[in-house]
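Each reported figure results from applying straightforward, stated rules to the coordinates on display, with no laboratory input. Every value quoted in this text rests on a predicted model; they were computed, and no experiment measured them. All Cβ positions, glycine included, derive from the backbone under ideal geometry; neighbour counts span all protein chains shown.
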């Protein structure tokens, strides 16, 4: 970098303090390469009265996904950043966008916000796709058992194998090695997400669909699977749905020595407050801190050696993972929450405890 460019950059940084030019770029072009990974909601399509598909334009550093994987999304709701995991409901798309389908659950702060209140243009935070709930590429005989919104990772796999066009469902070479039966459970047909997709795939003989509606058929008894799927013993089962269904399937398949892969997302609820305990995993240290003391300062006062730099929130030299809990940004009052597995990182020099929090350090 030339001396002139260095000088210009220093002048710009001085003028923008406490922000740096990268901060301004993030505001103008938040989806640029090199920025924190975000996405912009571009479309919202209702699926049922309480479910909607959210179409998102991810940032340029989005690395793609394998059908069946999920993405963790961070969105600010009432001033608190909440993170949730949602399955991607498609295969790779030519337009580069991604989609999730969200079912609003009672008292679900994030799901209700996304289904009923989110609007196109909203920016969300993203993590890279993850998850091992994916089909082996070599094919085989499979049974999908899904209930409610548990259909979402499965529909992503099916759409990738059997794309739908105006002319109907396409039978691609990559799909010929897959023999698939889908047992899908829903409270009623109007409450069944993707029922039209599943029926179209069944009509095209791409899959064999066994639809079970609680209001007509009663609650599914997993012991009836052998009757519903006569060649059950020849199939590998992939299941996604409520914990009770998955527990029953695990017991059922274990007794019969049948292969089973499951996917289940937990709901994380963190209540923010003023101050609290800060635990540091690797040192075993726990300190009490008020709501106005930076985590960095509270840790150092307790004798915990911490990474640090500018202590102004600029250099990111103090960044550490927040394993779980809630913290408050002392610059703007913004709350960030995390539960185990969320992969949230924070700047300890400008965040204070907003309740009990656990730092990976």
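At a 10 Å Cβ-Cβ cut-off, how would you order 95, 290, fewest neighbours first?
Listing 95, 290 from fewest to most nearby Cβ atoms yields 95, 290.
List the relative contact order of region 140-263 as a percent without decimals, with contacts defined as Cα pairs under 8 Å and 6+ residues apart.
Relative contact order of region 140-263: 31 percent.
Using alpha-carbon pairs under 8 Å, 6+ residues apart, how would you state the relative contact order of region 31-126 in percent?
RCO, region 31-126: 35 percent.
Region 59-97 to region 142-212: how many Å between their Cα centroids?
21
Which entry in (1) 114, 38, 37; (2) 62, 51, 35; (3) 69, 46, 37 is this structure's computed Cα extents along the principal axes in Å?
(3)
Once both axes come from the Cα atoms, what is the angle between helix 243-256 and the longest principal axis of the chain, in degrees from 0 to 90, rounded to 10?
It is inclined by approximately 50 degrees.
Taking 0.36 nm per residue of sequence separation and subtracting the Cα-Cα distance, how much length would be gained by fully extending the chain between residue 221 and residue 283, in nm to one decimal?
Difference between extended and current length: 17.5 nm.
Relative to the longest principal axis of the chain, what angle (0 to 90°, nearest 10) does the C-alpha long axis of helix 151-161 take?
Roughly 70 degrees between the two axes.
Over the chain, what is the relative contact order in whole percent, taking alpha-carbon pairs under 8 Å and six or more residues apart?
That works out to 13 percent.
Please give the helix 3-16 orientation as an angle from the longest Cα principal axis of the chain, in degrees from 0 to 90, rounded to the nearest 10.
80
Looking at the chain, what % of its DSSP beta bridges pair antiparallel, to the nearest 5?
Approximately 65 percent, going by the DSSP bridge assignments.
Which order do 114, 305 fall in if you start with the one that has the fewest other Cβ atoms within 10 Å?
By the 10 Å Cβ count, ascending: 305, 114.
Given R₀ = 30 Å, what would the calculated FRET efficiency be for residue 94 paired with residue 360, taking r from the Cβ atoms and rounding to 0.05?
Here the calculated transfer efficiency is 0.20.
Thinking of region 140-263 as a set of Cα atoms, what percent of all their pairs are more than 19 Å apart?
45
If each residue's Cβ is checked for other Cβ atoms within 10 Å, how do 127, 47, 263, 288 rank with the fewest at the top?
By the 10 Å Cβ count, ascending: 288, 127, 47, 263.
Run lengths n ≥ 4 of DSSP H only: what is the helix-derived mean residue ellipticity at 222 nm for the chain, with -39500 (n - 2.57) per run over all residues, to the nearest 500?
It lands at -5500 deg cm²/dmol.
Quick one: Debye curve from the alpha-carbon atoms of region 47-127 only, equal weights, vacuum; give me log10 I(q)/I(0) at q = 0.20, 0.22, 0.25, 0.27 Å⁻¹ to two decimals.
Values, matching the q order: -0.93, -1.12, -1.41, -1.58.
Using the alpha carbon gyration tensor of region 276-359, what are the three equivalent-ellipsoid semi-axes (square root of 5 times each eigenvalue), largest first, in whole Å?
16, 15, 13
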